[in-house]
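Accompanying notes for the structure given below.
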Amino acid sequence: MYDYLKNLTPTQQVGALFVLVFGLLLLASIAAFFLSMHEPDDPDQALAQRTKLREFDAMLRTSWFMVIVFWVGWASGNGVALTLFGLVSFFALREFLTLSPTRLGDHRSLVLAFFVVLPVQYVLVGNGNFDLSAVFIPVYVFLALPLASALANDPQRFLERNAKLQWGIMVCVYGLSHVPALLLLEFPHRAGAYVGRNAFLVFFLVIVVQTCMVVQHLSSRRWPRAPVAPEISRSFNWFSWGAGVGVASLLGALLAGITPFVPGQALALSLIACAAGTLGHLVMKALKRDRGIPNWGAQGASVTGAGGLLDRVDALCFAAPVFFHSVRWYFGL
């Protein structure tokens, strides 16, 4: 089997990877369905089981969503992948700003954010202008959007309004645009050995971050500890966080063969990505508590159904730019 897989073309290897992932997700979904058909007779146990199944179902939906998005992006080529992720950024930013009150004076900035800043960021990424795309939003857009708001002649809550918009752009556009950017990285030190296999790099990032989130969630339920910030998250504690990061980093080391990294490099980069993703997820929880909502798709505002689109990609929005620039810096790309 190993020799058979090794002799496949890069496209066939990536296709086999997605077949395996879809198969595992299908088995997990079937198992969840059969578990939901059998409830204990005790009402308390039945309620606890339904709660666990809802949480498991939410994680499955997140996993299905991510894998389908990445599969469509890979199968359709880099141009379609960039367009697809651009749409994900658009809807995620819409969710973020829908729950943030705006005024008439913000309309110019909102038009710029959705119809200028977002497409320009993805065009820069698609053209491989990584140095410019790295500073376009944090530097140029950071200065331009408040100017557009100031010209609208509305000083009421000026700083708060612009800070919310810039936060949304940084997370939903800047952060997420680094995921398709991984498809365009070139590793000259590997000569032609990694040509056509960048989808593995995207899969590597997603699987280690998602594994970290799942392990952290499960360990916090299995071995509860005092929460670090109970007003923000009652499940976040350093023990479960360390367990999630540790397990996911070890998984990353085991998956080094599908990346341009050796096991030690894969371990370190997985640790960096998982730490950024999980801590970023905590920050997004703080923003939701500030808005008084359980998820970004609250009160029918969701694009994806129960739970918002941003709930499914928030950890990735923080992990992707840290991972991408760490890889570029370490390998001098």
Q: Return yes or no: is Leu183 in contact with a Gly (Cβ under 9 Å, 6 or more places away or on another chain), surrounded by 15 or more Cβ atoms within 10 Å (Cβ to Cβ) and either modelled with pLDDT of 85 or more or of a type outside the set (Gly, Ala, Ser) (or both)?
A: yes
Q.
Only one of Ala199, Ala229 is touching a residue at least 24 places away in the same chain (Cβ under 8 Å) and under 20 Å from Leu251 (Cβ atoms). Can you tell me which?
A. Ala199
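Only one of Leu201, Leu251, Leu182, Leu165 is in contact with an Asp or Glu (Cβ under 8 Å, 6 or more places away or on another chain) and either assigned to a helix (DSSP H, G or I) or among the acidic types (Asp, Glu) (or both); which? Steps first, please.
Details: Leu201 fails: in contact with an Asp or Glu (Cβ under 8 Å, 6 or more places away or on another chain); Leu251 fails: in contact with an Asp or Glu (Cβ under 8 Å, 6 or more places away or on another chain); Leu182 fails: in contact with an Asp or Glu (Cβ under 8 Å, 6 or more places away or on another chain).
Residue meeting the stated conditions: Leu165.
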Q | Residue that is over 30 Å from Pro101 (Cα atoms), part of a helix (DSSP H, G or I) and without any contact (Cβ under 8 Å) to a residue 12 or more places away in the chain, where the choices are Leu132, Leu147 | A | Leu132
Q | Output for region 135-155, where each listed residue is open to solvent by less than 20 Å² (accessible area, probe 1.4 Å) and closer than 20 Å to Trp329 by Cβ | A | Ile137
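Answer with yes or no whether Ala81 is within 30 Å of Arg197 (Cα to Cα), open to solvent by less than 20 Å² (accessible area, probe 1.4 Å), in a helix (DSSP H, G or I) and touching a Gly at 6+ places or on another chain (Cβ under 8 Å).
Details: within 30 Å of Arg197 (Cα to Cα): yes; open to solvent by less than 20 Å² (accessible area, probe 1.4 Å): yes; in a helix (DSSP H, G or I): yes; touching a Gly at 6+ places or on another chain (Cβ under 8 Å): yes.
Yes.
Being in contact with a Cys (Cβ under 9 Å, 6 or more places away or on another chain) and either of a type in the set (Phe, Trp, Tyr) or modelled with pLDDT of 90 or more (or both), is that true of even one residue in region 103-114?
Looking for residues that are in contact with a Cys (Cβ under 9 Å, 6 or more places away or on another chain) and either of a type in the set (Phe, Trp, Tyr) or modelled with pLDDT of 90 or more (or both), one finds none in region 103-114, hence no.
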Q.
Based on this model, can you work out whether Val116 counts as free of Cβ contacts under 8 Å to residues at least 12 places away in the same chain, open to solvent by less than 60 Å² (accessible area, probe 1.4 Å), over 30 Å from Val262 (Cβ atoms) and more than 19 Å from the chain's Cα centre (by Cα)?
A. no
**Q.** Scan of region 207-255 for residues that are open to solvent by less than 20 Å² (accessible area, probe 1.4 Å) and within 19 Å of Leu24 (Cβ to Cβ), ordered by number
**A.** Val208, Val209, Cys212, Ala248, Gly252
Q. Looking at region 234-261, which of its residues are at pLDDT 85 or above and closer than 21 Å to Leu287 by Cα?
A. Phe236, Asn237, Trp238, Trp241
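The values are calculated or read from the model by the stated rules, or taken from the named source; none is laboratory data. Predicted model, so just to flag it, every value in this text is computed and none were measured. Cβ: placed from backbone, ideal geometry, glycine included. Neighbour counts: every protein chain shown. Note: areas computed on protein heavy atoms with side chains; ligands, DNA, RNA excluded. Shrake-Rupley method; radii C 1.70, N 1.55, O 1.52, S 1.80 Å.
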